[in-house]
Ligand SMILES: [Ca+2]
Ligand SMILES: [Ca+2]
């Protein structure tokens, strides 16, 4: 008959920590995201410095797999409280990857860029800061979208009616807001046919496509206009 073991003592406590995306090989897998929160507070320099600036990158990494083929806007605009910097690679730099694009200041000190992605392909996003700056922020990867203003006319194909001032294409999306700045809603009949990747029509807005014209959408339609 054995006795009770009443020994006490010290031992090791192991705390499991979720894998840190501090290096590219530990990148967080994502698809398109809106305002994905992150922090670089404890990030260290992965050793990869993109071409858009010098200085130590206290960086974190995301492995972004595209679910669509179109122009995507990658941006850190939002809650970021520090001077951000962001780059995109076709593979981890330590695994033979090369830089595709990078940006320091897209709006103010916050980073962003537009890149044409292919469905099913994984890209590596490096999020860091200018000269070692760190903080919190949020990452968005969404189809790049032009907003209709109607500032010049009703002509869909007039660059003066969009902001930024270019016409949507098979890879660029379009948004028709409820209240266009210029007061006009678009028509596609004045100078030929129209094309966009995604089209979003906000409540109360509309696009007029006469029977003799076409509006081609490569992606999808979100018609909130009710008609
Ligand atoms: Ca890092
Ligand atoms: Ca910056």
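Computed from the coordinates by the stated procedures, all read-outs in this text should not be read as laboratory data. Everything numeric in this text was worked out from a predicted model, so none of it was measured. Glycine gets a Cβ as well: all are built from the backbone with ideal geometry, and neighbour counts include every protein chain shown.
Some observations on this one:
- When the P(r) is computed for the chain, the part past 23 Å accounts for 56% of the Cα-Cα pairs.
- The range 40-113 versus the range 160-227: alpha-carbon centroid distance in Å: 31 Å
- Using C-alpha pairs below 8 Å separated by at least 6 residues, the relative contact order for the chain is 17 percent.
- Remark: spin-label model distance residue 54-residue 181 equals 3.8 nm, labels positioned 7 Å along the Cα→Cβ axis.
- The peptide list 43-49, 71-77, put in order of mean Cβ contacts within 10 Å with the highest first, becomes 71-77, 43-49.
- Over all Cα atoms in the range 24-142, the spread is summed up by Rg and Dmax: 12.6, 34 Å.
- Computed FRET value (nearest 0.05) for residue 147 with residue 109, which takes r as the C-beta separation and R₀ as 25 Å: 0.60
- Note on residue 212 and residue 159: the extension gain reaches 16.9 nm, defined as 0.36 nm multiplied by sequence separation minus the Cα-Cα distance.
- Length gained on full extension, residue 67 to residue 169: 34.9 nm, using 0.36 nm per residue less the C-alpha separation.
- Fraction of antiparallel bridges per DSSP, the range 144-227 only, in percent to nearest 5: 20 percent
- For the chain, share of DSSP beta bridges that run antiparallel, in % to the nearest 5: 70 percent
- Packing-based ranking, highest mean first, of 80-92, 150-162 given that Cβ atoms within 10 Å are counted: 80-92, 150-162
- Mean Cα-pair separation over length for the range 144-227, i.e. relative contact order, pairs under 8 Å, 6 or more apart, %: 28 percent
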